[in-house]
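Nothing in this text is a laboratory measurement; each read-out follows from the coordinates by a stated rule. In this text the structure is predicted, and so the values were computed from the model without any measurement. Note that we place each Cβ from the backbone using ideal geometry, even for glycine, and neighbour counts take in every protein chain shown.
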Amino acid sequence: MRTDWVAHLVLCLGVALFALPLWLVLAGSTQPSAAIARGELSLVPDLGGLGVYADVLRAGGRNDTPVWRMLLVSFGMAMCIAVGKIVISVLSAYAIAFFRWPFRGLAFGVIFLTLMLPVEVRIIPTYSVMAGLGLINTFTGLTLPLIASATATLLFRQVFLAVPDELIEAARMDGAGPLRFLRDILLPVSAANLAALFVILFVYGWNQYLWPLLVATDPSLDTVVIGIVKMIGTETQAEWNKVMATAVLALLPPVAVVLLMQRWFVKGLAESDK
């Protein structure tokens, strides 16, 4: 009984540590920017200041790009990255796990080696390739280099290798071809893993900063993360209530995705541990 009490206390402290900064941002977004700059931030939101959300949605900060457009670009980028990574990873893992072809082991080793190369190491040659293809300042340039994932390929390979041989033989005797086997057997079996990975990859794509900063200098392609940084500018000139309001709006889509897919997310993580 005492163990349960201690566990609940630790959980409550953890929630407080995570929730307090978010509450400060939410409360600060409704207060005058000058008061925030003076350090007079109140913990009580001013309901009369909620109009700042409509203001930033219509017209953003220093570059006058509306926040609704930044959110749309971020959402499109996150969706393309998440769906693209899943599709490519499923197909590549399927080919490695179930097909026999020359240099299959070498291909898997190369995919595994890419895990040791951080994004910062690959950023310059990737930018050079995008520039050569004429994809700078395009939505395709924002998303294309980020839709391959060695981690997701390894995850799906392990899931596919865990499929019982009896199920494979039954599908073969039923006359199922490769595409039908993938569609009717493997994808339903790995549905929880797909959902969990989608949540992780969506948040990963939403939070991208370095690559959009380099490849897209056109304000119309600013993601909301880039937009927040541009809105700050210099600390003495920042409209802090608008910055905080934009930060709150930027939190809503990933939080909504996590909440909507929470059951599948937890189930996918639990199955991945087995």
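Counting only the Cα atoms, region 50-272 fills a convex hull of 150 Å³ per residue. Taking every DSSP helix (H) stretch of at least 4 residues in the chain, weighting each as -39,500 (n - 2.57) and dividing the sum by the residue count yields a mean residue ellipticity at 222 nm of -21500 deg cm²/dmol.
Dipole magnitude of the chain about its Cα centre, charges +1 at Lys/Arg Cβ and -1 at Asp/Glu Cβ only, in debye to the nearest 20? About 400 debye.
Of all alpha-carbon pairs in region 1-49, indicate the percentage at a distance above 14 angstrom. Percentage above 14 Å: 60. The angle separating the long axis of helix 191-206 from the principal Cα axis of greatest extent in the chain is about 40 degrees. How are the alpha carbon pair distances in region 47-109 distributed across 10 Å bins from zero to the largest one, expressed in percent? Cα pair-distance distribution for region 47-109, in percent: 18, 25, 18, 14, 13, 10, 2. Split the chain at each of the GluC sites (Glu not before Pro) in a DSSP loop with at most 11 other beta carbon atoms within 10 Å, and the longest piece is 41-234.
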